[in-house]
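The values are calculated or read from the model by the stated rules, or taken from the named source; none is laboratory data. Nothing here was measured: the structure is a model prediction, and the numbers come from that model. Counting neighbours? That spans all protein chains shown, and the Cβs are built from the backbone with ideal geometry, glycine included.
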Amino acid sequence: MADLTCWTLTEGFAGMDSQCVGLAEALGLRCTMKRVRRPRMLLQYLPPSLWPHPLSRSAGDALAPPWPDVLISSGRGSVAAALAVRRASAGKTFNVHIQTPYVDPSRFDLVVIPQHDSLRGENVLVARTALHGVTRERLAEAAKRFSARLSYLPRPVIAVLVGGSNKHQDCSPQTMHRMADQLLAAARACGGGLAVTTSRRTGEENERILRERLAAVPLFFWDGMEENPYLGLLALADAIVVTSDSVSMVSEACATGKPVHVVDIGKGHRKLRQFHETLMRDGITRPFAGRIEHWTYDPPKETEKIAAIVRDRLQRNFAITGGPGARQNV
């Protein structure tokens, strides 16, 4: 497996990259990350298979031979280029697409769909959470690397993962003030400290509100300059609070096995609601109500589960056709 070449293909969003790279790493593959851009607005209403010039340099990174043995793509914007690579390689590239492809899933070798998506098919694999690269080994390494930076915080340490607005949810200043009130109440009630990291979508005003309001309790607040301590926060926290907008952040938090409290920043669309309802029903997450609760659960191992199925398919295909680069179109 290690001798296979692999590309990941996304529009460059962090959640998409983490899913593709997480799956590649679980397969034991070293991957080259490729980025593509969607066409102009009007063309986006066409099916991705009809988008023009998906392999041109103007559409993002250059996509040219030698074609990879494995291509892992994610997001609607990567579909046209992924299908073009499959055609250009004469079907020799094994294509895995993560999330709804908006074309017939049979055009890929495998499609990985979150449980809250309705798409099903013979080659469709269903995952309860987003795929990711958070493993026990990585958490242990991150705990060593970041322990000194958080050593002044009293226990329990509450990691706070803050996303931001998207097309379905509005992370407003009012929401940030409400969240700050709840975090202050939680930290004071348990006598602990807060370790906060934000994202590009949080916004300067929202970040300022949190930074100023939360300074009233023991606080670590990532300044955006030094190395992102995201994994370190997951590793060193006693409990985690995460905003509801990001499926990837919630999924990664749940991989720790620690209590994960979800801040509702808006009901969002149906699929996102179903995702959160499933995790809460399964006893993995709970709503954040301004206090830290304690419970246990078996961390979902969706990346490992999906990787085992993909690995089996890869081994069977390459065994039948004589190794990498020789696979026939299936």
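Quick notes on this one:
- Contact map, segment 88-100: residues that are at positive phi and among the aliphatic types (A, V, I, L, M) paired with residues that are surrounded by fewer than 23 Cβ atoms within 10 Å (Cβ to Cβ) and not in a strand (DSSP E or B), Cβ distance under 9 Å, separation 6+ or inter-chain. Pairs shown: Ala90/Trp67; Ala90/Gln328; Ala90/Asn329.
- Failed item in (1) out of contact with any Gly (no Cβ under 7 Å at 6 or more places or on another chain); (2) modelled with pLDDT of 95 or more; (3) not in a helix (DSSP H, G or I), with Tyr297 passing the rest: (1)
- Matching residues, segment 267-306, being closer than 19 Å to Val160 by Cα and among the basic types (Lys, Arg): Arg286, Arg291
- Count of segment 61-87 residues, restricted to those that are touching a residue at least 40 places away in the same chain (Cβ under 8 Å) and surrounded by fewer than 20 Cβ atoms within 10 Å (Cβ to Cβ), is 1.
Yes/no per residue for (1) more than 21 Å from the chain's Cα centre (by Cα); (2) outside any loop (DSSP other than H, G, I, E, B); (3) buried (at least 18 other Cβ atoms within 10 Å of the Cβ); (4) without any contact (Cβ under 8 Å) to a residue 24 or more places away in the chain:
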| site | (1), (2), (3), (4) |
| --- | --- |
| Val112 | no, yes, yes, no |
| Leu119 | no, no, no, yes |
| Val134 | no, no, yes, no |
| Ala142 | no, yes, yes, no |
| Phe146 | yes, yes, yes, no |
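- Each residue in segment 25-58 was checked for being part of a loop (DSSP other than H, G, I, E, B) and at pLDDT 65 or above, and 6 of them qualify.
- Segment 301-330: number of residues that are at pLDDT below 90 and in a loop (DSSP other than H, G, I, E, B): 9
- Within the set Arg178, Arg155, Arg138, the sole residue that is in contact (Cβ under 8 Å) with a residue 12 or more places away in the chain and either closer than 25 Å to Pro218 by Cα or in a loop (DSSP other than H, G, I, E, B) (or both) turns out to be Arg155.
- Segment 233-261, residues that are touching a Gly at 6+ places or on another chain (Cβ under 6 Å) and of a type in the set (S, T, N, Q): Thr243, Ser246, Ser248
- Candidates Asp223, Asp181, filtered to the one that is of a type in the set (Asp, Glu), closer than 28 Å to Gly283 by Cβ and out of contact with any Ser or Thr (no Cβ under 6 Å at 6 or more places or on another chain): Asp181
- Residue in segment 266-288 that is in contact with a helix residue (DSSP H, G or I) (Cβ under 7 Å, 6 or more places away or on another chain), at pLDDT below 90 and over 30 Å from Glu122 (Cβ atoms) present: yes
- Selection status of Ser165, under 20 Å from the mean Cα position of the chain (by Cα), surrounded by 14 or more Cβ atoms within 10 Å (Cβ to Cβ) and among the polar types (S, T, N, Q): yes
- Residue count for segment 211-225, restricted to those that are hydrophobic (A, V, I, L, M, F, W, C) and within 24 Å of the chain's Cα centre (by Cα): 4.
- Some residue of segment 191-204 being out of contact with any strand residue (DSSP E or B) (no Cβ under 8 Å at 6 or more places or on another chain), modelled with pLDDT of 95 or more and surrounded by fewer than 18 Cβ atoms within 10 Å (Cβ to Cβ): yes
- Filter result for Val96 (at pLDDT 95 or above and part of a strand (DSSP E or B)): yes
- Comparison of Gly12, Gly77, Gly22 shows that the only residue that is at pLDDT below 90 and either closer than 18 Å to Leu131 by Cα or in a strand (DSSP E or B) (or both) is Gly12.
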